Amino acid sequence: MTYALITGASKGIGKEIAFELAKRGNNILIIARDEKLLAAAADEIKLKYSVDCQFLALDLADPNSVDKTLVWCQENKFTVNILVNNAGYGLSGSFLNHDMLAYQNMMQVNMATPLSLILKFVPLLRQQPKSYILNIASSAAYQAVPGLAIYAASKSFVLSMSRGIRYELRDTSISVTAVNPGATDTNFASRADIKSEKAIRAAEKLNMNAETVAKMAVDGMYAGKAEVVTGVINKIGAILTVILPKSILERGAGSLYGV
């Protein structure tokens, strides 16, 4: 029996990806910090889709969380054929507003933990006739974003890593897909403590439903796409990052986030 493992799956896009994969008949493993939310999501998935769903409450900012995840899977004989690196968050405002520990924790969750999970699970994924890695990056991965500078840089890492790893695994059973959502109806703005009313209003106008984003992500994964940009507006934005001078893009983002 195989499972899809999804990080950051207690709410938002991660939770909706778990539901979307369960809808398609996959057994589910979900990981996040909030045990109560995980338990509720697991119960709902099992009841609604008649698949197995197990959960593990972990803080993915802990460098030991990946080893704990692997041991959990091994001890319970969970065979993983889909790995979804969804967990991540932002820190907003001037980059001077946060200390190094805050950045280290964010970079651990956004960058180091996904990489570590891939390193640990690729040998296991290769044993399956077909397996998938789905990494959630961001539309912010395409440019520098003053006001979300380190977050955007971390998502550029995820995107570049995904494409590079995809190429290296091209002759294996593993397909790697990066998804780049734009503004989505989640708690990202609250978690990132975005205070710019201009940025909040702009996001509200462009917000996509997390369920829609999850479906597009899973569709793209099963289609074997290298990269998925969710929504027409975000696709146009990605194209503009290639066409427009970087200074104009940075000035626009800085104005939006008030820095």
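The values are calculated or read from the model by the stated rules, or taken from the named source; none is laboratory data. Nothing here was measured: the structure is a model prediction, and the numbers come from that model. Please note: Cβ atoms are built from the backbone with ideal geometry, for glycine as well, and neighbour counts cover all protein chains shown.
Would you confirm whether any residue within the stretch 90-100 is crowded, with 20+ Cβ neighbours inside 10 Å, under 20 Å from GLN128 (Cβ atoms) and touching a helix residue (DSSP H, G or I) at 6+ places or on another chain (Cβ under 6 Å)?
no
Restricting attention to the stretch 19-37, which residues are surrounded by 24 or more Cβ atoms within 10 Å (Cβ to Cβ) and closer than 21 Å to ALA61 by Cα?
LEU29, ILE30, ILE31, ALA32
Among the residues of the stretch 127-145, write down those that are in contact with a helix residue (DSSP H, G or I) (Cβ under 7 Å, 6 or more places away or on another chain) and surrounded by fewer than 19 Cβ atoms within 10 Å (Cβ to Cβ).
Listed by number, the list holds a single entry, ALA144.
Within the stretch 160-178, restricting attention to residues that are surrounded by 20 or more Cβ atoms within 10 Å (Cβ to Cβ) and out of contact with any Lys or Arg (no Cβ under 8 Å at 6 or more places or on another chain), which residue is farthest from GLY254 (Cα to Cα)?
So, considering only residues that are surrounded by 20 or more Cβ atoms within 10 Å (Cβ to Cβ) and out of contact with any Lys or Arg (no Cβ under 8 Å at 6 or more places or on another chain), the one farthest from GLY254 (Cα to Cα) is ARG166.
Would you check which residues across the stretch 110-141 are in contact (Cβ under 8 Å) with a residue 60 or more places away in the chain, among the polar types (S, T, N, Q) and out of contact with any Pro (no Cβ under 7 Å at 6 or more places or on another chain) and list them?
THR113, GLN128
Has the stretch 131-139 got at least one residue that is hydrophobic (A, V, I, L, M, F, W, C) and out of contact with any strand residue (DSSP E or B) (no Cβ under 6 Å at 6 or more places or on another chain)?
No, the conditions are met nowhere in the stretch 131-139.
Here is a list: LEU169, LEU134, LEU101, LEU96. Which entry is within 21 Å of GLY14 (Cβ to Cβ) and modelled with pLDDT of 95 or more?
Residue meeting the stated conditions: LEU134.
Got a sec? Which of LEU124, LEU58 is surrounded by fewer than 19 Cβ atoms within 10 Å (Cβ to Cβ), within 16 Å of LEU29 (Cβ to Cβ) and hydrophobic (A, V, I, L, M, F, W, C)?
Result: LEU124 is the single residue among LEU124, LEU58 that is surrounded by fewer than 19 Cβ atoms within 10 Å (Cβ to Cβ), within 16 Å of LEU29 (Cβ to Cβ) and hydrophobic (A, V, I, L, M, F, W, C).
Pairs under 6 Å by beta carbon, first residue touching a residue at least 60 places away in the same chain (Cβ under 8 Å) in the stretch 69-85, partner assigned to a strand (DSSP E or B) and surrounded by fewer than 20 Cβ atoms within 10 Å (Cβ to Cβ), six or more apart or different chains?
These pairs meet every condition: THR79/THR2; ASN81/THR2.
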